[in-house]
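These notes are about the structure you will find just below.
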Amino acid sequence: MRGKNVAGRTTRDYLRIGTAAAHDTLDVRLGTLVEGDERGYAQFLEIQYRARVNIESWLDERCADMAPPRQTDAIARDLAELGVPIPPDSPAFDVSADSDPLGICWVLAGSSLGNRAILARLVKADVQWPVAFLSDRRVAEYWKRLRPLIERPHSPADDPSVLGAAQASFAHFNAVASQVRAPETTI
């Protein structure tokens with residue numbers, strides 16, 4: 001970040017900086033699961049489903065025109081192919097009423113980049129697990145539409161509500177990962 005303002009020049013920079021620790025923790029936890037066996041991969045999918053289902057519903061209720069494509073349908077297909085039932089319960093998504101949904105959309109859309117990396121590792125390892133979720137291109141296309149909104153100049157007045165929503169999203173994912181007992185490691 002040398003030469004940059006601590007907050008960053010763009011909303012995207014600000015979000016990256018403000019969520020780095022939670023994002024890194026989640027990446028390590030989920031990455032550990034997909035590097036394991038089929039059971040670990042199923043846990044990864046279960047975490048994704050349980051975390052996303054209520055976030056997707058929250059977005060549908062408040063800003064359907066801005067929301068990324070729902071991915072729980074693809075996750076459900078993968079779980080079914082693995083013979084794993086759809087998780088019957090999912091924790092509520094708790095976010096402040098004044099949160100800007102842009103932060104939530106950024107978290108979900110950004111995860112498609114990680115999904116592509118995971119998919120590449122699985123292909124390279126010649127693993128034959130179902131990958132409808134990991135190979136879903138809808139969110140990658142959505143990312144292109146979202147980018148101009150997050151590449152805007154950082155706004156000290158507007159961006160804290162975007163960051164709060166992004167932080168709540170990562171906290172939600174990490175809480176779900178804890179419930180499923182995904183390994184927690186320190187970075």
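The values are calculated or read from the model by the stated rules, or taken from the named source; none is laboratory data. Quick caveat, the model's predicted, so the values are computed rather than measured. When we count neighbours, we look across all protein chains shown, and the Cβ atoms used for this are built from the backbone with ideal geometry, even at glycine.
Here are the numbers:
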read-out: Lone unmet requirement of (1) under 17 Å from F173 (Cβ atoms); (2) out of contact with any Pro (no Cβ under 9 Å at 6 or more places or on another chain) for D65; value: (1)
read-out: Checklist (1) over 15 Å from the mean Cα position of the chain (by Cα); (2) at pLDDT 95 or above; (3) buried (at least 16 other Cβ atoms within 10 Å of the Cβ) applied to E151, failing item; value: (3)
read-out: Helices (runs of 4 or more DSSP H) fully within the stretch 1-107 counting 2 or more residues that are touching a helix residue (DSSP H, G or I) at 6+ places or on another chain (Cβ under 8 Å) and more than 20 Å from R138 (Cβ to Cβ); value: 11-34, 38-63
read-out: Selected residue (only one of E61, E35, E56 is acidic (D, E), modelled with pLDDT under 95 and closer than 30 Å to Q128 by Cα); value: E35
read-out: Qualifying position, being without any contact (Cβ under 8 Å) to a residue 60 or more places away in the chain and within 15 Å of T19 (Cβ to Cβ), among A109, A165, A117, A92; value: A109
read-out: Residue in the stretch 122-135 that is surrounded by 13 or more Cβ atoms within 10 Å (Cβ to Cβ), closer than 20 Å to Q43 by Cβ, at pLDDT below 95 and over 15 Å from the mean Cα position of the chain (by Cα) present; value: yes
